[in-house]
Structure formats: structure tokens, C-alpha cells
Amino acid sequence: MRRRPVAPVIKVSIHTAAFDAAATLARTARSVLAQTYPHWEWIVASDDGADYEEILRAGGIVDPRIRFASTGRIGAGPAAARNAAHALAQGEVMAVLDADDTFAPSKLERSLPHVLTHGAATCDLVLVESATERQFPSLNRKYPAGLLSAEQYLTANLHGYSVELWDRRRVDVAWDETIGFAEDMILGLCLFNVLPGIYYDPEPLHFYYKHASSACNTGTESGILESYRALIARAERDALPVRDPETRGALLRFLHRMLALEEKFFREPASDPAMGFYYFIARNREEFYFW
């Protein structure tokens, strides 16, 4: 009898930018090691000169699927670190995991079929206050399972955009290192240069840790507002890698709306230092769900 051809194994390359990550990386590592889908490589890219291989080894974490890279600089930024990881990636499917976040055990197994069918996939998440481990439900706008438009993608990921996976054989994107703000959102929108949509799984498969030092909580008003204005200016002069005209229009509408909401946020009295923006979204939810 003729044997059926064996389907090739798909490898997922997980990118992690590491800066001052010694206190959290072991937790992140354990979530990668716990994946029910075993065909992955995890590339940790140092952006602070630290030897994260030795740091993990000292914590008893050693696995041949874990690889290490470096920007060769100090504080080059998450885009540069992720690109350093991307340069070494050998997988067909790319994934992103921040150095203080974790995956649910089924994240890769559950997401991979949708990536292979549609080219990219994202999911909902759970917010965790780092200091207390308290979990908070996501305030991302909820959609039914299926393809998201660019407009929907923007409001489905209000808490953070580093949650998607994509098939690099269909769309191979990298992070724009000239963008120092929302570079993860811009990368996600670049998927729409090629793909008609990104598959959305409403199941929370990602744990996003919030810190009192998060930029949206402790950044200066002028710094955050100027970052939005600078990004708007670049989008208006078509100086971003978002090439699809409809997606670029959605981005501009979103940025103008977010700038207005950030201005409102800074006018409000300070609240919980780690979760202040979370409670702001909760109080103004309909303004964030503006399409």
C-alpha cells in the first residue's frame, strides 16, 4: 500500500526582547516550556548586555529550543531587539512574547491552525497586575471568532499588540526601528499590506503583565502626547510601512481618537499607579469602542 505523505512539521519562532528582564524571564520561560505544541524555538534577544542564557541556566532552565541573540547595544529599543531575534528565526510561523508576559499553555496549538489558514491570528488576553498577581478581565473590544478588519484589530488590542502570530511564507514583516512608540501596533497593521484580515480568537490565550512603571501610567504628559503627534505626522506624510490605503486611513482615525483620549486621561486625577489606564478605559469604554 502506498503510504500517505507525512505533513511537514511547522516550527513557530517566538521573539522576545529582553531589557532589564532578569526578574521576570524565568516566568516567561516556564510558559513557553509548558506549550502543548512542542515544535517551537524561543529566541531571547538581549538589549542590555545581560547574558540571559546564563540567567536562565542559573534558574535551572535549559532547553535546546531556546536560543539567544543580542542587539549589541544598550537600550536600542524593542524593535531592534525583536529584529535581532527575527534575523535568527528558522520557523515558518512567527510569534511575539514580551519578557514579562506569559502564554496560556494552548496558545500555540490553538492559534496555529488559524495562522496556516488565514496568514495571521491574534487573541484576547488577561491583564495581570505584576506586584500583586491580581488578574483583570481584558477591556479590549470583543468580537466573534473570525477575521478582523484593520479597524477591528485596533480596538481588539487596546491593552497591547504583541500577541499575534503570522506565517512568514505569506507575509514576512519586521519592526520599524525608527518608530519608538507603538512599533508593535505598526507591525500588526503591516500584515494588512498583504492579508485581507487577521483571525481573532476571543479566548484569552495571553497574560499581559502591567507594572507601575508602564509608560501609560508613568510617562510624562508631554512625552506621550508628543509621541502620538509624531506618529500622526508620519502617517499623514505616508512615512510608515503601512502601505494599504484603507489601513492607513484607519490608523489615522485611531491615532487622532487615542490622542484625544490620552489628553482626557492626563486631565483626570491620578489613580492606581499600575492599573490607572485600565480604570480609565473602563470608565470611558464607549469612547474607546468608537467604530
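Just so you know, all these numbers are worked out from the coordinates, no wet-lab data involved. Just so we're clear, the structure is a prediction, and the values are computed from it rather than from any experiment. Glycine also receives a Cβ, built like all others from the backbone with ideal geometry; neighbour counts cover every protein chain displayed.
Values for this structure:
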read-out	value
Cα gyration tensor of segment 216-285 - equivalent ellipsoid semi-axes, whole Å, descending	26, 13, 9
Residues Q90 and L252, FRET efficiency given R0 of 25 Å [Cβ-Cβ distance, rounded to 0.05]	0.10
Dipole magnitude of the chain about its Cα centre (Cβ charges: Lys, Arg +1; Asp, Glu -1), debye to nearest 20	960
Equivalent-ellipsoid semi-axes of segment 133-180, from the Cα gyration tensor, Å, largest first	23, 17, 11
Estimated FRET transfer efficiency (A23, R169; beta-carbon r; R0 30 Å; 0.05)	0.25
Listed residue (V115, F266, I43) projecting farthest to the positive dipole end of the chain, Cβ model	V115
FRET efficiency, 1/(1 + (r/R0)^6) with R0 41 Å, evaluated for D63 and T220 via beta carbons	0.50
Likely footprinting exposure, L88, L148, L154, fewest C-beta neighbours within 10 Å first	L88, L148, L154
Which label in (i) 0.99; (ii) 1.06; (iii) 1.25 gives the computed Cα Rg over 2.2 N^0.38 Å	(i)
DSSP beta bridge pairing in the chain, given as percent antiparallel to the nearest 5	35
